[in-house]
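Take a look at the structure set out below.
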Amino acid sequence: MMRSPSEPITYMEEDLIQRSRAGDSDAFAALVEEHRDAMYHLAWRMVGSPEDAADLVQEAFVRAYRSLDRFEGRSSFRTWVHRITVHCCLNHLRRRKRKGEVAYQEEWMDNPGYQERAGEARLHGRIDRPDQAADRSDLTAAIEGALGELSPDHRAAFLLREYNGLSYKEIAEATGVSMGTVMSRLHYARKALQEILMERIPGHTRGRERGVESQ
């Protein structure tokens, strides 16, 4: 079973890191395998493109490998990889903004892979009645689309907390800001998402859905 991100680095993980530093490619491949899916879904939701997300995750792990000698173990390896992945995503978004490329939500919602992933998520969840499934699908799509209207910093904080399960302290370490700033960003992100959902979904009321709480 996958470790909680709040748990300290384990002996096995420390051994994999030490072996990776010594040039053992299989050891580093094991670290990548442990964290790749979480980083990919984080990157996808950050940038709105599965193709870009795959490239960014590859970039993040290359950077992690090259920086292993600077990993001091004060945080978990998973938190450290989150930090590198978020940094790669933010840099990508800045470059895309400078180039005037397509907006996040348009690229995300128009990509055929989005509906496939949404279907997979529903398949592995509970089975709803047709009307419940439709409502859940609409709400999921609305939340994913609304994420693109948050600033990258607010989006990162929300995703790290509500999708990747990091603590406030870990989010602060992963984003390089204070815990107070993390809390402020989360409060703003939740409030903004709630307002967007109330506008987009008829009859939607304040409640809890993926961390979107009433204020």
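The values are calculated or read from the model by the stated rules, or taken from the named source; none is laboratory data. Everything numeric in this text was worked out from a predicted model, so none of it was measured. Neighbour counts run over all protein chains shown; Cβ positions are idealised from the backbone, glycine included.
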Before we move on, is residue 81 touching a Phe, Trp or Tyr at 6+ places or on another chain (Cβ under 7 Å) and at pLDDT 95 or above?
no
I'm trying to understand the selection: among the residues of segment 148-189, which are free of Cβ contacts under 8 Å to residues at least 40 places away in the same chain, closer than 21 Å to residue 74 by Cβ and not in a helix (DSSP H, G or I)?
177, 178
With the requirement that a residue be surrounded by 16 or more Cβ atoms within 10 Å (Cβ to Cβ) and under 14 Å from residue 78 (Cβ atoms), what does segment 7-29 give you?
9, 13, 16, 17
